[in-house]
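The values are calculated or read from the model by the stated rules, or taken from the named source; none is laboratory data. From a predicted model like this one, the values you see are computed outputs, not experimental measurements. When we count neighbours, we look across all protein chains shown, and the Cβ atoms used for this are built from the backbone with ideal geometry, even at glycine.
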Amino acid sequence: MYPNLYYLFEDLFGIRLTALKLVNSFGFFVALAFIASGYVLHTEIKRKEALGEFGAVEEKIIVGAPASMAELITNFIFGFLFGYKIVGAFTIENALNNTQAFILSTQGNFAAGIVLGLLLLFLKWKEKDKTKLAKPEASTVLVWTHDRVGDVVLQAALWGFLGAKIFHNLENFDELVKDPIGSLISFSGLTFYGGLILATIGVIVYIRKYKIRVIHFADAMAPTMLFAYAAGRIGCHMSGDGDWGIPHLNPKPFTWLPDWIWAYTYPHNVVNEGVQIPGCVGNYCNQLPLPVYPTTLYEIIIMFILFGIMWSFRKKITQPGILTGIYFLFAGGERFFIEKIRVNNKIASLPFQPTQAELISTILIVLGFVFLYMSKKWFPKNIVKS
């Protein structure tokens, strides 16, 4: 496992770059997942624009205006935080020994923060000053749906992270009670369905603001979400963030299978779960005492396969809502069955003691069948409301 990119580069290339300790493996791969998913969404929306499912909206912009106070303050704050923490990480002794603790602490390089903050403030002022007009002019431009993909991805990331954190803490309420501050600000501990629910609400609110048709956008998001989930799980698996399976003591069904596919101990996992690795010194020196199902790896494989299936037939489906229904079935079904071999917290107060994910998966599966059955009635092809 690779808690941060320092360990990944050391293992793959035999080089030690201290600066890479600042880059958490989970966050790095999740960021790549968002970027790649944005490309997938952009491609699908442009295809649907060609079909007439999305249009352009006229917006007025001001040309030649100087930098606003809000822009200058934002750039200063960003530069200050970068200098305070990033530069501070290299100028404060032992800061990189525990990067998460340092980032979440009040420690930093104040002078570097001020210098970089003022530099970014000046650069923003200079950028706007080059195009400044004596009298700023109003101009009308056409903004297409694909032009807003970056903003949509940002909305999904922010609301998704918040929802994932909230649902994780609700699912692990005992941990929240024991250490409320640590549980809330920890980089680990995210629940996918919490992120999905809150991100969905946030994105719908955003796109309705610009009169984008929700069901067409949902259909474009269907393959994107399958891809995003699979790509994001790479970060979970690479860092060993605790989303693994139950202990596995049965022999491999096929001798040619590598051990790490069938049963794995997640050595050097980022959450320091398990027992000490003999001879290991420093951070991240634990591994699980018993091998477990590497469920994160299974989900990566399954979801990429499901994405490939949907991507191959998406152009043949013209009825709005069908792709959304198929996504609900794929996502709900995959997670429902993976829960059977995954570590989780059961809801003891309910019959059959289901997990939170099993309940939400069941709802998604039901929604999937409802969408497949009702789409023609709810979303007539030529009368689709936003």
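For the structure I just gave you, tell me whether Phe227 is within 23 Å of Ser312 (Cα to Cα), among the hydrophobic types (A, V, I, L, M, F, W, C), buried (at least 20 other Cβ atoms within 10 Å of the Cβ) and more than 18 Å from the chain's Cα centre (by Cα).
Details: within 23 Å of Ser312 (Cα to Cα): yes; among the hydrophobic types (A, V, I, L, M, F, W, C): yes; buried (at least 20 other Cβ atoms within 10 Å of the Cβ): yes; more than 18 Å from the chain's Cα centre (by Cα): no.
In short, no.
Might you let me know whether region 284-303 holds any residue that is in a strand (DSSP E or B), surrounded by fewer than 18 Cβ atoms within 10 Å (Cβ to Cβ) and in contact with a strand residue (DSSP E or B) (Cβ under 7 Å, 6 or more places away or on another chain)? Break it down into steps so the answer makes sense when it comes.
Applying the first criterion (in a strand (DSSP E or B)) to region 284-303 yields 286-287, 292.
Adding the requirement that they be surrounded by fewer than 18 Cβ atoms within 10 Å (Cβ to Cβ) leaves none.
Within region 284-303 (the criterion being in a strand (DSSP E or B), surrounded by fewer than 18 Cβ atoms within 10 Å (Cβ to Cβ) and in contact with a strand residue (DSSP E or B) (Cβ under 7 Å, 6 or more places away or on another chain)), the answer is no, since none of the residues qualifies.
For region 5-28, name all the residues that are in contact with a Lys or Arg (Cβ under 9 Å, 6 or more places away or on another chain), of a type outside the set (Ser, Thr, Tyr) and touching a residue at least 60 places away in the same chain (Cβ under 8 Å).
Within region 5-28, the first condition is being in contact with a Lys or Arg (Cβ under 9 Å, 6 or more places away or on another chain), and the residues that meet it are 5-7, 9-10, 22.
If we keep only those that are of a type outside the set (Ser, Thr, Tyr) too, we end up with 5, 9-10, 22.
The answer is Leu22, and nothing else.
Just wondering, is there one or more residues in region 260-267 that are crowded, with 17+ Cβ neighbours inside 10 Å, among the aliphatic types (A, V, I, L, M) and either within 18 Å of the chain's Cα centre (by Cα) or part of a helix (DSSP H, G or I) (or both)? First the steps, then the outcome.
So in region 260-267, the residues crowded, with 17+ Cβ neighbours inside 10 Å come out as 263-266.
Then drop every residue that is not among the aliphatic types (A, V, I, L, M), which leaves 263.
Filter once more, keeping what is either within 18 Å of the chain's Cα centre (by Cα) or part of a helix (DSSP H, G or I) (or both): none.
No, that holds for no residue.
Do the conditions hold for Ile326, that is, is it over 18 Å from Cys236 (Cα atoms) and either in a helix (DSSP H, G or I) or within 26 Å of the chain's Cα centre (by Cα) (or both)? Full working, then the answer.
Working: over 18 Å from Cys236 (Cα atoms): yes; either in a helix (DSSP H, G or I) or within 26 Å of the chain's Cα centre (by Cα) (or both): yes.
Yes.
Give Trp159, Trp125 a once-over and let me know the one that is closer than 25 Å to Ala357 by Cα, touching a Leu at 6+ places or on another chain (Cβ under 9 Å) and at pLDDT 80 or above.
On the way: Trp125 fails: closer than 25 Å to Ala357 by Cα.
Exactly one residue qualifies, and that residue is Trp159.
Given the residues Ile86, Ile61, which is the only one that is of a type outside the set (Phe, Trp, Tyr) and surrounded by fewer than 16 Cβ atoms within 10 Å (Cβ to Cβ)? Break it down into steps so the answer makes sense when it comes.
Values: Ile86 fails: surrounded by fewer than 16 Cβ atoms within 10 Å (Cβ to Cβ).
Going through Ile86, Ile61 in turn, the sole match is Ile61.
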